[in-house]
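The values are calculated or read from the model by the stated rules, or taken from the named source; none is laboratory data. This one's a predicted model, so the numbers in the text were calculated from it and none came from an experiment. Please note: Cβ atoms are built from the backbone with ideal geometry, for glycine as well, and neighbour counts cover all protein chains shown. Surface areas here come from the heavy atoms of the whole protein model, side chains and all, with no ligands, DNA or RNA. Shrake-Rupley method; radii C 1.70, N 1.55, O 1.52, S 1.80 Å.
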Amino acid sequence: KLAMSNHYYTYNGEIRRQSKGGATGNSLTMELSRLFGSWWDSQYLGKLESLEIKVMKYWRYVDDNGNVLKAIDPGVRLVEDEETGAQRLEVKPELMEADQQKTEDERTANFLSEVANSIHPSISVKADFPSKNPDKRMPLLDLGIWVSEEQKVKFGFYAKDVSSKFFVPYKSAHSQSMKRSMLVNEGMRRLLNISPDLPWESFVKVMDEFAVKMRRSGYPASWRADTVKTSLQKYEDMLRE
């Protein structure tokens, strides 16, 4: 409590005390946020379980979390009993038509946001879902995730538009062995971020973009060819194992 309520900093030549909360990047603040995140997860999943909603897959990475579950039916809402305060699911017929105009993943994400925002007043979530994005894939770290026509979760490699367009330059002072290792590992990362059962064209597209980025960074054709070949060989060996 002493540390969390006495964070001092200098601004514009003045020593000030932060009004509340710990310092960003402080080890104590980070550990407390992890503990709070674990508590929040248990409350969130417990509430969904009490509402008899089965979450098939749930994960967290820092302040991002992901959910895989069956779509919520149109018109379903979270309501609170006025006397007991207990929450339950209720189908509201007057909302069914409007819900049917939405995609299943949007409707489900909106419902999950409502549940998530009821856990603690300090946490307000922002939902994302595949159909919200132009390519119908939801970005999560370096993955683009979607549900296939066979109702299976698929994923492909994803990079933000603001990510660097270059690797370590070919003419940098790094050793050749270090640059080769770095590039092969990067190729492997991209391959492993693609569902293994996707068509070969999906892998070709990602590795083409990988080769273009290497060319942009000054690597000659021989380097690019060898890197792609080595990455694919290591990936195939890993699949066999």
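Structure data summary
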| item | result |
| --- | --- |
| Condition broken by residue 180, with the remaining ones in (1) farther than 19 Å from residue 202 by Cβ; (2) in contact with a helix residue (DSSP H, G or I) (Cβ under 6 Å, 6 or more places away or on another chain) satisfied | (2) |
| Unique residue being of a type in the set (Lys, Arg) and more than 17 Å from residue 231 (Cβ to Cβ) when the list is 171, 213, 179 | 171 |
| Hits in segment 200-216 - residues which are within 22 Å of residue 155 (Cβ to Cβ) and not aliphatic (A, V, I, L, M) | 200, 201, 202, 203, 205, 208, 209, 210, 213 |
| Answer residue from segment 94-146, given it is without any contact (Cβ under 8 Å) to a residue 60 or more places away in the chain, farther than 23 Å from residue 49 by Cα and of a type in the set (A, V, I, L, M, F, W, C) and is surrounded by the most Cβ atoms within 10 Å (Cβ to Cβ) among those | 138 |
| Residue count, segment 46-62 (criterion: assigned to a helix (DSSP H, G or I) and touching a residue at least 40 places away in the same chain (Cβ under 8 Å)) | 2 |
| Sole residue being buried (at least 16 other Cβ atoms within 10 Å of the Cβ), among the aromatic types (Phe, Trp, Tyr) and over 15 Å from the mean Cα position of the chain (by Cα), chosen from 219, 158 | 219 |
| Filter result for residue 176 (open to solvent by 30 Å² or more (accessible area, probe 1.4 Å) and on the phi > 0 side of the Ramachandran plot) | no |
| Odd one out for residue 136, checked against (1) part of a loop (DSSP other than H, G, I, E, B); (2) closer than 14 Å to residue 213 by Cβ | (2) |
| Every pair of residues 6+ apart whose Cβ atoms lie under 8 Å, when the first sits in segment 28-45 and is in contact (Cβ under 8 Å) with a residue 40 or more places away in the chain and under 16 Å from residue 113 (Cα atoms) while the second is of a type outside the set (Phe, Trp, Tyr) and in a helix (DSSP H, G or I) | 44/115; 44/116 |
| Cβ pairs under 6 Å, 6+ apart, first in segment 1-17 and in a loop (DSSP other than H, G, I, E, B), second open to solvent by less than 90 Å² (accessible area, probe 1.4 Å) and not small (Gly, Ala, Ser) | 3/28; 7/18 |
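Conditions tested, residue by residue: (1) within 22 Å of the chain's Cα centre (by Cα); (2) on the phi < 0 side of the Ramachandran plot.
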| residue | (1), (2) |
| --- | --- |
| 3 | no, yes |
| 13 | no, no |
| 21 | no, no |
| 55 | yes, yes |
| 62 | yes, no |
| 66 | yes, yes |
| 80 | no, yes |
